[in-house]
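*Asks:* The structure's right below; bear with me while I get my questions together.
The values are calculated or read from the model by the stated rules, or taken from the named source; none is laboratory data. Worth saying up front: this structure is predicted, and the values here are computed from it rather than measured. Cβ sites come from the backbone with ideal geometry, for glycine too, and all protein chains shown count toward neighbours.
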């Protein structure tokens, strides 16, 4: 039965060659899918970078709009303060839902931006917490009395200015550096 032994030897050699080819193909496929997954993660993070930057700019725009609303009138006049309160009422009622969504989306998007430097992340967190303060403390919608709202926002106005300028400074420096 020398022919069977010879056939068996050739079959073994052929099996070994097929096994090596299968292993090589598996390695090549594994590396390519790994690269694809890596690129997908990079693309996903790029999306979070763009979204976070957009959200931070929208936060800054809300601060700017409120600043313009207040600064176009005189703060030393009670009638102007009441007019400002009425305009702020309209603004906050119109945009409050959007502002809450913006706050939540900003927090979530910043969490998903994994490669962001911790120092910059802390600065962006500060922008988001300042925005939270704006929504909840500066002009609280749960206060029913306009006189009380006027008292609150006029008392908090200096803090508002500090937070606005802080946000402007952070975003001017950090968003410019990220681009």
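*Asks:* Considering only segment 126-152, state which residues are in a helix (DSSP H, G or I), closer than 16 Å to residue 64 by Cβ and more than 22 Å from the chain's Cα centre (by Cα).
*Replies:* Of everything in segment 126-152, just one residue is in a helix (DSSP H, G or I), closer than 16 Å to residue 64 by Cβ and more than 22 Å from the chain's Cα centre (by Cα), namely 138.
*Asks:* Right, something else. I'm told residue 152 meets every condition in (1) more than 14 Å from residue 56 (Cβ to Cβ); (2) surrounded by fewer than 13 Cβ atoms within 10 Å (Cβ to Cβ); (3) modelled with pLDDT of 90 or more except one. Can you identify the failing condition by its number?
*Replies:* Result: residue 152 fails condition (2) only.
*Asks:* Take residue 161 and tell me if it is in a helix (DSSP H, G or I), within 26 Å of the chain's Cα centre (by Cα) and crowded, with 16+ Cβ neighbours inside 10 Å.
*Replies:* Numbers: in a helix (DSSP H, G or I): yes; within 26 Å of the chain's Cα centre (by Cα): yes; crowded, with 16+ Cβ neighbours inside 10 Å: no.
The answer is no for residue 161.
*Asks:* Listed residues 115, 89, 158, 145; which is at pLDDT below 90 and more than 30 Å from residue 50 (Cα to Cα)?
*Replies:* Details: 115 fails: more than 30 Å from residue 50 (Cα to Cα); 89 fails: at pLDDT below 90; 158 fails: at pLDDT below 90.
Checking each option against the conditions leaves just 145.
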